[in-house]
Each structure stands twice: as structure tokens, then as C-alpha cells.
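J.: The following block contains the structure, expressed as C-alpha cells.
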Amino acid sequence: MRKEIKNLLKEIAIYAKKQNRHLYLVGGFLRDYFLKIPNNDLDFVTSAGVEKFTQSIAKKFKASFVRLDEKNKIYRVVLKKNGKMYHFDFSQIQGKNIKEDLSRRDFTINALALPVTSYPPSPRLRRTGRLQIIGYKRNLIDPYNGISDLKKKIIREISDEIFDLDPLRLIRAFRFRAKLGFKIETKTLALIKKKAKLVILPARERIRDELYKIFAIDDSTKIIHEMDNKVNLLRYIFPEIQTMKKSAREFYFHPKGLWQHSLESLGMYEKMLKQPEKFFSPYHNKIFNHLSGKINETERKILLKFIVLFHDVAKPHTARREGERMRFFGHEEKGAKMTKEIFKRLHSSRQEINIAAKIIDQHMRPGNLTQLPEVSNRAVYRYFRDLGKESIDLLILSLADRYSYLRISKKPREIKLHHRRILEILRRYYEEKKKITPLRLLNGYEIMKICQIPPGPKVGELLHLLEETQAEGKIKTKGEAKKFLMALTPHL
């Protein structure tokens, strides 16, 4: 256990003891402690007067106090110390005692409690695979054999009512499976399938946050497939998936239809995240830094997983047969609108919604660029000008999309060629950025004066035209820019 956590808990324990207050450390922190997983989020339960007690803890540590849930009496202390953030959540005991409180929790591995006055536990250790615990102090409260399930790496429900009490647990079971690498016990899996319809009942932002936590795992493709294939959870959250599944050999290339293509695209993207140097060298570090950036509180790489999964959502609605070929005219634009609705349903931020729609609306563009006999600087300039920060995300999506066909393609060389040209576009961006996106030689006011035109859209059009001509290398100085505009003036 890290020293700083140990010291913080010791202070809380001493303070609670002085106030003759029963205080228990519960749930996820204890689970992670026994698994040796770092965790700065600690959950406590206590008797009545929890709000006042939490406020006093916040005051003691000179930390922030947050009311999380007034109805259920849940409050948070947010502490920043030595550059690290700690969350201490305090709630009132549900039921007559701590054992009754634990009976309302979700899974056995989370139904653990310890009186904080006896913290930290000092177990007798013996190496048994990943988990190193055999004995522990008798005051660890474990009524559902959670320690045993930790050793067996099993996620097991406490009772058949847990999903009725909080349907979000239907998703959370898979989040724990993803995070811990545990197996969901057979009976619990059957119960999830039986209760799957309840998954749409929780607040949509809670559903979104759980999904994002699953996407944060390296191999989320496997978990998403299990959520859909084993227990039918996703069909209720995203009814669009059922339509994507129906597009099998009737009009799509992958044997199991468009949904299979989407999952394989996601799988390829995750492969790229695991081996960026293989796919994006020598620019992999810059791309990694870009994807690690945040849109509000969401990492770009996580948001892009969601986008990859639904980038072709509109293809079933736009499928048209022309001779022996299936065409999907307008699926980008319609897909952007459908994705907006999906993100709105999940109460995503406006910025996330707009970025997702923007990328999906333009997701055919890199492919159109790489099919040109020669990709000009003007075309590259326009691409990066129009896509802005999302231009890199879109190139990655395009590559994952194309590689999803590698296993079934009769023309693998075309996929490799697409990859080489994507790298060439990245090279120009990172190594010739000044050439492709040159500094402006003239501003809008100067253009109005030279061309003798009033403010309006025409000024912006001329700015873009001037920059495109710069990108082609036809204009290099301010004087050349003035001559270029003067030659256009009679035709304006």
C-alpha cells in the first residue's frame, strides 16, 4: 500500500474514533487493495449525520466538499495532495447494520467492509497467482465470500435482486470483467441476460460513463462483443445495431454483416493503439500524444472508439444496388445525423457530439485522397484546413476501416497502398506543416483594400484561395500575393 494512502486513512481513523463514530471502509478500494491495484477513490459508510461528518473531514484536510446524492445521503471529499487527487465518498449505512448494507451491493468481490479504526489490515501473505492473500484480520467483514471469488477471479451476483435495485450493474459487471480480467459466473451471466431490458432505465449519462470506462480498456472489442452476443445488452442501448446486423450477405462484404465490420474496425483500431510504432512510425509518439488529449473529461482515443464502432451506421439506410455493386450514397451525411442522435441519447457534451458528427460526415475523405494518382499540397491543405484537430483522428479511422477488410479482401495490396499514402499525408503534416499550412501573407482588411470589396463572405473565400495557392508553392511573398489578388479583382 502506498504510504500517502496509509497516512490519510490513519488520520481519518483517529478522527472517527475521537468522535465515537462507527465508520467502515467498503467496496472497491478493499477489492483493489487485495489485488494490489492502485486506487485513490475510497468509499466509506457511517451512521446518521453523514453530511455534517463529511463536511468536518473536508475542513480537517482543507479539501472540497461535494453533495453527490442528497436523496441517498452520499457526499464526497475531494483532496489534492502532492500533485495527486483523492476522492473520499461517505454515505449512510443502508439498513440496520453493515452486513445489511453489504447485502444491497452488487457483486461478492465488492461486498467487503473493514472498520477504519482497525485499518490497515495486515494479512498473512502467500503467493497464489495474481492474488496474494490467504488469511486476514478477523475484523474484515466478508459475508458473501468475496475474498474467495477474488482468488478464483469470478464476478458473482450477491442476490437475484441486484439488477432490479440498480440496472446499471448490468453494464458494470462487464466493466469489472474488462478491468480485472475476471470471468462472469454462469448464473450471473444468465441473470444479466434475463434482466437485459432494464439496462435503459438508469440515467443516460451513467450508462455513457460506464461504456466509456469499458472503452478505456485495451481490448474493449472483446467485451463489447460479449455484451452483445452473450446477453443481448447492446440491442436495448443501441437499437441501431439490430439493423446493422441484418445487412449480412444481402448487401455487405463481411459474412455477419455490417456489425461484424464495425467490430473488426474497432479491433484494428485497438491493435493500432497497442502497436502504434508498427502502424504510424516515425510519428507514433506524436499521434499517441494527440489521442491522449481530452475532450472535456474524455480522452480522444476513447471517444474515437465510439466513433469507429458507429462510423457506418447509416449504410443499411442508404444501400442501393447498381449492377453488381452495392453503393451507399450519402451514408456519411446520414450517419453523422444518426450519430448525433446516439450521442444526444447518452447526454454527451456538445463538443463530443459535434466532433463525432464531423468525423463521420467526412470519413470517406481520406480514402478519396489516397485514390488520387498524386496527392497535391493543395488537397492536403484543404483536408487539414477543413478537419482541423480531428484530421488525425479521421486518418486513423480510415486506416482501421480499411484494415478491417484485410482478412476477406481479394486485393490486399490496395489496403497496403492506402496505408502508405496515409503515412505520406502524416509526413507532410508533421514535416512540411509550414509548407502545407503556411502563415498568412495578407489579412482580411488588406484583401478588402486591394480588391476594393466590402466585408462579407467573399473576403473569406479569397483568404482560402490565397492560402491554397501558397500551399501549392505558387505564391511565396506578400508582393506576389498582392499581384495575385490584383489579377483577380476585375473578375470579382
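J.: Is it the case that Y144 is hydroxyl-bearing (S, T, Y), at pLDDT 90 or above, assigned to a strand (DSSP E or B) and in the same structural domain as H22 (by TED's automatic domain parsing)? First the steps, then the outcome.
T.: Working: hydroxyl-bearing (S, T, Y): yes; at pLDDT 90 or above: yes; assigned to a strand (DSSP E or B): no; in the same structural domain as H22 (by TED's automatic domain parsing): yes.
So Y144 does not fit the description; no.
J.: Identify all residues within the range 178-222 that are among the small types (G, A, S) and assigned to a loop (DSSP other than H, G, I, E, B); write none if there are none.
T.: Narrowing the range 178-222 to residues among the small types (G, A, S): 178, 181, 190, 196, 203, 216, 220.
Answer for the range 178-222, where residues must be among the small types (G, A, S) and assigned to a loop (DSSP other than H, G, I, E, B): G181, A203, A216.
J.: A follow-up question, please. How about the range 172-208: which of its residues are under 9 Å from I155 (Cα atoms) and among the polar types (S, T, N, Q)?
T.: If the condition is that a residue be under 9 Å from I155 (Cα atoms) and among the polar types (S, T, N, Q), then T188 is the only one that fits.
J.: Name the pairs: first residue in the range 44-59 and in the same structural domain as Y24 (by TED's automatic domain parsing), second residue acidic (D, E), Cβ to Cβ under 6 Å, at least 6 apart or on different chains?
T.: As it stands, the answer is V45/D101, since those pairs meet every condition given.
J.: Under 6 Å between Cβ atoms, at least 6 apart or on separate chains: pull out the pairs that start in the range 306-327 with a residue that is in a strand (DSSP E or B) and of a type in the set (A, V, I, L, M, F, W, C) and end on any residue that is at pLDDT below 95 and crowded, with 17+ Cβ neighbours inside 10 Å.
T.: Here the result reads M326/F251; M326/A319, each pair linking the range 306-327 to a residue that is at pLDDT below 95 and crowded, with 17+ Cβ neighbours inside 10 Å.
J.: Examine the range 33-40 for a residue that is more than 29 Å from the chain's Cα centre (by Cα) and at negative phi, and state whether such a residue exists. Don't jump to the end; show me each part of the working.
T.: Step one: of the range 33-40, the residues more than 29 Å from the chain's Cα centre (by Cα) are none.
No.
J.: Looking only at the range 392-413, which residues are part of a helix (DSSP H, G or I), without any contact (Cβ under 8 Å) to a residue 40 or more places away in the chain and surrounded by 14 or more Cβ atoms within 10 Å (Cβ to Cβ)?
T.: The initial filter retains those residues of the range 392-413 that are part of a helix (DSSP H, G or I), namely 392-403, 412-413.
Cutting the leftovers down to without any contact (Cβ under 8 Å) to a residue 40 or more places away in the chain gives us 394-395, 398, 402, 412-413.
Matches in the range 392-413: L394, L395, S398, R402.
J.: Just one of (1) among the hydrophobic types (A, V, I, L, M, F, W, C); (2) buried (at least 19 other Cβ atoms within 10 Å of the Cβ); (3) under 19 Å from the mean Cα position of the chain (by Cα) trips up F328, so point out which.
T.: (3)
J.: Look at V26 and say whether it is touching a Phe, Trp or Tyr at 6+ places or on another chain (Cβ under 6 Å), more than 20 Å from N82 (Cβ to Cβ) and surrounded by 12 or more Cβ atoms within 10 Å (Cβ to Cβ).
T.: In short, no.
J.: Could you figure out which of (1) of a type in the set (D, E); (2) in a loop (DSSP other than H, G, I, E, B); (3) touching a residue at least 12 places away in the same chain (Cβ under 8 Å) isn't true of E374?
T.: Here E374 clears every test but (3).
J.: If only one of P167, P202 is crowded, with 20+ Cβ neighbours inside 10 Å, within 16 Å of L346 (Cα to Cα), outside the structural domain of L102 (by TED's automatic domain parsing) and of a type outside the set (A, V, I, L, M, F, W, C), which one is it?
T.: That would be P167, the only listed residue that is crowded, with 20+ Cβ neighbours inside 10 Å, within 16 Å of L346 (Cα to Cα), outside the structural domain of L102 (by TED's automatic domain parsing) and of a type outside the set (A, V, I, L, M, F, W, C).
J.: Kindly indicate whether V380 is over 16 Å from I307 (Cβ atoms), crowded, with 21+ Cβ neighbours inside 10 Å and in contact (Cβ under 8 Å) with a residue 40 or more places away in the chain. Give the steps one after another, and end with the answer.
T.: Details: over 16 Å from I307 (Cβ atoms): yes; crowded, with 21+ Cβ neighbours inside 10 Å: yes; in contact (Cβ under 8 Å) with a residue 40 or more places away in the chain: yes.
So V380 passes the test.
J.: Kindly check whether there is at least one residue in the range 78-87 that is part of a helix (DSSP H, G or I), more than 27 Å from I158 (Cβ to Cβ) and among the hydrophobic types (A, V, I, L, M, F, W, C).
T.: Pass one, the range 78-87, residues part of a helix (DSSP H, G or I): none.
Looking for residues that are part of a helix (DSSP H, G or I), more than 27 Å from I158 (Cβ to Cβ) and among the hydrophobic types (A, V, I, L, M, F, W, C), one finds none in the range 78-87, hence no.
J.: Scan (1) more than 15 Å from D393 (Cβ to Cβ); (2) in contact (Cβ under 8 Å) with a residue 12 or more places away in the chain for the single condition E297 breaks and write down its number.
T.: Just one mismatch for E297, condition (2).
J.: Residues to consider are A13, A111, A58; find the one that is over 35 Å from the mean Cα position of the chain (by Cα) and crowded, with 17+ Cβ neighbours inside 10 Å.
T.: On the way: A111 fails: over 35 Å from the mean Cα position of the chain (by Cα); A58 fails: over 35 Å from the mean Cα position of the chain (by Cα).
Within the list A13, A111, A58, the selection yields A13.
The values are calculated or read from the model by the stated rules, or taken from the named source; none is laboratory data. Since the structure is predicted, the reported quantities are computational estimates derived from the model, not experimental observations. Every residue, glycine among them, receives a Cβ derived from its backbone with ideal geometry; neighbour counts consider all protein chains shown.
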